[in-house]
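Step one of this worksheet: look at the structure below.
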Amino acid sequence: MENLTDINVIRGLCERHGFSFSKSLGQNFLINPSVCPKIAEMGNAKKGFGVIEIGTGFGVLTKELALRADKVVAVEIDSRLLPVLDETLSELDNIRIINADVLKTDLHQVIKEEFEGADVAVCANLPYYITSPVIMYLLEQRLPVKTITVMVQKEAAVRLCALPGTRECGAVSYAIRYYCEPQILFNVSRGSFMPAPNVDSCVIRLDVNSAPAVETADEAFFFKVIKAAFSQRRKTLANSLSSSLKADKSIITAAVEKAGLRADIRPEKLTLEEMTAVSNELYPLIG
Ligand code: SAM
């Protein structure tokens, strides 16, 4: 089997297939040989598991996943990669490639068709331009997956894994904790990719909860409140909520205080439970 982390092999594939890297599709392929086996092992690619991969590139991670898991279904948007994958993955018979945009793919259907009865994990070296949309797309659909193990830009990893109520957190940190327990697994330097991006990366794993971490009066309203709370980061929670939700400041202040918080608190100071309490107080009033 070809060594897909060898630069000369990659150059040969590019030449034979007339392939050039697309910046707009986030095509930075892994060339550090230690990274893909680690993602596969820490990402639940093992017997009894089916794995969904997003974005195959030349198949460097796909191969490591398929060597360990029962089956891999990989969604890749770039049709120019299909003939390359025919060549690089020809020795493995437990891989299905779906040529599509993952954000337009019915993954419930894929899981039903391909992984009935098996546990499911998602593993990917995500294109940076759609990191959060892809993660939220996977979580919001409540896919029956155990873990989501993804390589993301380092700054995104810190934000995604930040504990609500701490300095690094943002709206997405609350959404993540609602659905799962996140953790940073390991760092990956920019030199581990071809072409090298101008940022470093981290592999993170989201262990998906079987039920949401908190009980909301209304889930859609709860997410609206989180978004509104962080819409103007320098403002207090009450000011941001009042202007974004177009609600009277006195109503917001009363709800924040009823949730046991000071009216001048900043949004990033709230724990997940406190954000839920504010949202639950507001829902009957302006929901
Ligand atoms: N897995 C390979 C690796 O680690 O070397 C490639 C990773 S590269 C960072 C991201 C891959 O995602 C590219 O192959 C790109 O074509 C693909 N991609 C970009 N946008 C996508 C989308 N919306 N749906 C599916 N695949 C996408």
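The values are calculated or read from the model by the stated rules, or taken from the named source; none is laboratory data. This structure is a prediction, so every number in the text was calculated from the model and none was measured. Cβ atoms come from the backbone with ideal geometry, glycine included; neighbour counts cover every protein chain shown. SASA here: full protein model, heavy atoms, side chains in, ligands and nucleic acids out. Shrake-Rupley method; radii C 1.70, N 1.55, O 1.52, S 1.80 Å.
I'd like the GluC sites (Glu not before Pro) in region 1-93 restricted to DSSP loop residues with at most 12 other Cβ atoms within 10 Å, sorted by number. Kindly include the intermediate steps, with their values, before the conclusion.
Numbers: sites: Glu2, Glu15, Glu41, Glu53, Glu64, Glu76, Glu87, Glu91; in loops: Glu2, Glu91.
For GluC sites (Glu not before Pro) across region 1-93 that sit outside H, G, I, E and B with at most 12 neighbouring Cβ atoms in 10 Å, the list reads Glu91.
Using DSSP to define loop residues, name the GluC sites (Glu not before Pro) in region 186-257 whose beta-carbon has at most 14 other beta-carbon atoms within 10 Å.
Working: sites: Glu215, Glu219, Glu257; in loops: Glu215.
The qualifying sites are Glu215.
Could you work out how far the C-alpha centroid of region 125-181 sits from that of region 244-266, in angstrom?
Result: 27 Å between the Cα centres.
Rounded to the nearest percent, how much of the accessible area of the chain (1.4 Å probe, protein heavy atoms only) is carbon and sulfur? List each step's numbers first, then the result.
Working: 6390 of 12970 Å².
Ligands and nucleic acids excluded, carbon and sulfur reach 49 percent.
Of Ser22, Ser250, Ser240, which has the most accessible area with a 1.4 Å probe, and how do the rest follow in descending order?
On the way: Ser22 25, Ser250 75, Ser240 0 Å².
Order by accessible area, largest first: Ser250, Ser22, Ser240.
Not counting ligands, DNA or RNA, and with a 1.4 Å probe, what is Leu126's accessible surface area in Å² rounded to the nearest 10?
So the heavy atoms of Leu126 present about 10 Å² to solvent.
Run the numbers on the chain and let me know its relative contact order in percent, using alpha-carbon pairs under 8 Å that are six or more apart.
Numbers: 498 pairs, mean separation 42.7, N = 287.
Relative contact order, the chain: 15 percent.
How much accessible area does Tyr128 have with a 1.4 Å probe, in Å² rounded to the nearest 10?
Roll a 1.4 Å probe over it and Tyr128 shows about 50 Å².
Enter the accessible area per residue of the chain (Å², integer; probe 1.4 Å; all protein chains in place). If you can, show how the numbers build up before the last one.
Working: 12970 Å² over 287 residues.
Averaged over the residues of the chain, the accessible area is 45 Å².
Per the Kirkwood definition applied to all pairs of different Cα atoms, how many angstroms is the hydrodynamic radius of the chain? It would help to have the intermediate numbers written out before the result.
Values: mean 1/r = 0.0493 Å⁻¹.
After inverting the mean inverse Cα-Cα distance, the result is 20.3 Å.
Please list Met1, Met42, Met136 from largest to smallest accessible area, probe radius 1.4 Å, with all protein chains kept in place. Before the final figure, lay out each step's value.
On the way: Met1 100, Met42 70, Met136 25 Å².
Result of the area sort, largest leading: Met1, Met42, Met136.
Counting other Cβ atoms within 10 Å of each Cβ, which trypsin sites (Lys or Arg not before Pro) in region 200-287 have at most 13 and sit in a DSSP loop?
Details: sites: Arg205, Lys224, Lys227, Arg233, Arg234, Lys235, Lys246, Lys249, Lys258, Arg262, Lys269; in loops: Arg233, Arg234, Lys235, Lys246, Arg262.
Loop-located and lightly packed - Arg233, Arg234, Lys246, Arg262.
Viscosity 1.567 mPa s, temperature 4 °C: what is the translational diffusion coefficient of region 219-286 from Stokes-Einstein with a Kirkwood Rh over Cα pairs, rounded to a whole number of µm²/s? The partial results should precede the final answer.
Working: Rh = 11.3 Å.
The diffusion coefficient I find is 115 µm²/s.
Once phi is turned into θ = phi - 60°, what whole-Hz ³J(HN,Hα) does the Karplus curve with 6.51, -1.76 and 1.60 give for every residue of region 157-165, x standing for Gly and Pro?
Coupling constants for region 157-165: 4, 4, 5, 5, 9, 5, 6, x, x Hz.
For the chain, with the dipole built from +1 on Lys and Arg beta-carbon atoms and -1 on Asp and Glu ones, taken about the Cα centre, which of Leu30, Thr216, Ala171 lies farthest toward the positive end?
After comparing all options, I get Ala171.
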